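Quick notes on the structure that follows.
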């Protein structure tokens, strides 16, 4: 399994547009066979900060995700809404065991 946290800072005036595009991408991503989980969280004390929590079943699943039409649509839609380039951090699970996902 591979867990990716994608940190995204949005321009304050663009929150609604970002959320709409991101929720559409998240819903479609959850249908991918390689995606175990795809969460969108918003920072409580700074609503312009988001983290996408992506849990992939295999090391190849992120590449398959990035090859989808819904990812390309999301990427192109949110690029002009960002206040800074998005960044990602990759993790490996410690607990629960992979079978717990």
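We did not get these values from a lab; they are worked out from the coordinates using the rules stated. What you are looking at is a predicted structure, and each value in this text was computed from that prediction instead of being measured. Because the Cβ atoms are built from the backbone with ideal geometry, glycine has one as well, and the counts that use them run over all protein chains shown.
Looking only at 61, 44, 28, which one moves most when the chain is put into a Gaussian network model with springs between Cα atoms under 10 Å?
44
Roughly how tilted is helix 69-78, in degrees to the nearest 10 and between 0 and 90, from the longest Cα axis of the chain?
Tilt relative to the chain: about 30 degrees.
Residue 83 to residue 30: FRET efficiency via 1/(1 + (r/R0)^6), r the Cβ-Cβ distance, R0 22 Å, to the nearest 0.05?
Values: r = 27 Å, r/R0 = 1.21.
After rounding to 0.05, the efficiency reads 0.25.
When every alpha-carbon pair in the range 2-91 is counted, what percent end up more than 15 Å apart?
Numbers: 2265 of 4005 pairs.
Result for the distance tail: 57 percent.
Mind giving me the nanometre distance, one decimal, between the label points for residue 69 and residue 53, set 7 Å out from Cα along Cα→Cβ?
With each label placed 7 Å out from Cα toward Cβ, I get 3.1 nm.
Fewest to most neighbouring Cβ within 10 Å: what's the order for 29, 88? Provide the component values of the computation, followed by the final result.
Values: 29 20, 88 13.
Exposure proxy ranking, most exposed first: 88, 29.
Over the chain, what is the relative contact order in whole percent, taking alpha-carbon pairs under 8 Å and six or more residues apart? Numbers along the way, then the final one.
Numbers: 162 pairs, mean separation 45.2, N = 101.
Over the chain, the number comes to 45 percent.
For n ≥ 4 DSSP H runs only, could you compute -39500 (n - 2.57) per run for the chain, divide by its residues and tell me the 222 nm figure to the nearest 500? Walk me through the numbers on the way to the answer.
Values: 3 runs with 31 residues, N = 101.
When only DSSP H runs of four or more count, the value is -9000 deg cm²/dmol.
Whole Å is fine, so just give me how far the alpha carbon centre of the range 40-63 lies from that of the range 71-101.
The distance from the Cα centre of the range 40-63 to that of the range 71-101 comes to 4 Å.
Pairing the Cα long axis of helix 15-29 with the longest principal axis of the chain, what angle in degrees results, from 0 to 90 and rounded to the nearest 10?
Approximately 20 degrees, to the nearest 10.
What distance in nm separates the two pseudo spin-label positions at residue 90 and residue 45, each 7 Å out from Cα along the beta-carbon direction?
Between residue 90 and residue 45, the simple spin-label model gives 3.1 nm.
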